[in-house]
1. Would you confirm, using the coordinates I've provided, whether A:G50 is small (G, A, S), open to solvent by 10 Å² or more (accessible area, probe 1.4 Å) and modelled with pLDDT of 80 or more?
2. Can you tell which of B:A40, B:A29, B:A22, B:A16 is closer than 20 Å to A:A23 by Cβ, loosely packed, with under 13 Cβ neighbours inside 10 Å and within 13 Å of chain A (Cβ to nearest Cβ)?
3. Quick one: which of A:L67, A:L61, A:L92 is at pLDDT below 90, in a helix (DSSP H, G or I) and over 26 Å from B:A16 (Cβ atoms)?
4. Go through (1) more than 14 Å from chain B (Cβ to nearest Cβ); (2) open to solvent by less than 50 Å² (accessible area, probe 1.4 Å); (3) assigned to a helix (DSSP H, G or I) for A:V158 and report which single condition fails.
5. Just the residues that are within 12 Å of another protein chain (Cβ to nearest Cβ) and either touching a residue at least 60 places away in the same chain (Cβ under 8 Å) or in a helix (DSSP H, G or I) (or both), please, taken from the stretch A:137-146.
Amino acid sequence: MTAIVRPGGLVVPHAASVRDPEAFEALYRAHARYVAGVVHRLLSRGGRDGELDDIVQETFLDAFEGLREIDEPRSVRAWLVTVAVRRTRRILARRRRRALFAFFAKDYAPRASDPRDRSPVDDLYDALERIPADLRIPWVLHRVEQMSLPETAQACEVSLATVKRRIAEAEERLERRLEEKR
Amino acid sequence: MSLDRLTTAAREAEPAWEDDRAARVLASAMTRRERRIARARVLRRAAAFGGVVGIVCVVLLRGASASAPVDPPGEPAFAQAQLQGDGGYARD
């Protein structure tokens, strides 16, 4: 037995088998789709140039090494989200730096999409891309992923009061931006 | 469309996470995982070897400093002073 499979698809590698490839695979198969969904929305439409794939991969690699510290199987998914959020934040920061550089190099062109292909959700993602990652990530986790406030605070590694304030501010900015679009 | 409805629409839109994409990411992750494990093993062994070398060096240095000093043969300072007749200056 290489991994403990709990009801609800929760998979926790056995403490003795953390180096077992089968345990790694079981963990990945149980949670990869969920993590990919969260990262897809955090990055807005999954990001670009394989960012989603990179983050999912790195998340499982990091999480697998840290799983020995987790006793409670229920927290596996929360732990994965925390790791994914950390990785996503790095990608968003890198993207912002690149956009800044590209702006100065006069080579920056926003992704233009055919209006016929646009869905209403694209308006939301456009608005999300214009607010800072510190506001956007907790808002997506709480409002889109429907994580509770304590779970969101834990995933973002900030206090409950901070996460509440950031979600409220993100909500306000998004409302304003969407209002401008109408 | 209101923010609430957009939020619901975003929640319902699943990423294109097909089986072959998932398998590709998994295969790549497995390779990287093996590489990380191998690197960690090498680092662990290097640290252990370095530790042993360090301990051996410390033991050798302590042994060297504990051995009797090799002083050049000569007269004690007091006897030498008497010999040179300095009027008891060295005794004081």
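The values are calculated or read from the model by the stated rules, or taken from the named source; none is laboratory data. None of these values were measured; they are calculated from a predicted model. Methodologically, a virtual Cβ is constructed for each residue, glycine included, from the backbone with ideal geometry; neighbour enumeration extends over all protein chains shown. Quick note on the areas: whole protein, heavy atoms, side chains included, nothing else; ligands and nucleic acids left out. Shrake-Rupley method; radii C 1.70, N 1.55, O 1.52, S 1.80 Å.
1. Yes: the conditions hold for A:G50.
2. Working: B:A29 fails: loosely packed, with under 13 Cβ neighbours inside 10 Å; B:A22 fails: loosely packed, with under 13 Cβ neighbours inside 10 Å; B:A16 fails: closer than 20 Å to A:A23 by Cβ.
Every option except B:A40 fails the conditions.
3. Values: A:L61 fails: over 26 Å from B:A16 (Cβ atoms); A:L92 fails: over 26 Å from B:A16 (Cβ atoms).
Just one listed residue meets the conditions, A:L67.
4. (3)
5. Within the stretch A:137-146, A:W139, A:V140, A:L141, A:H142, A:R143, A:V144, A:E145 meet the criteria.
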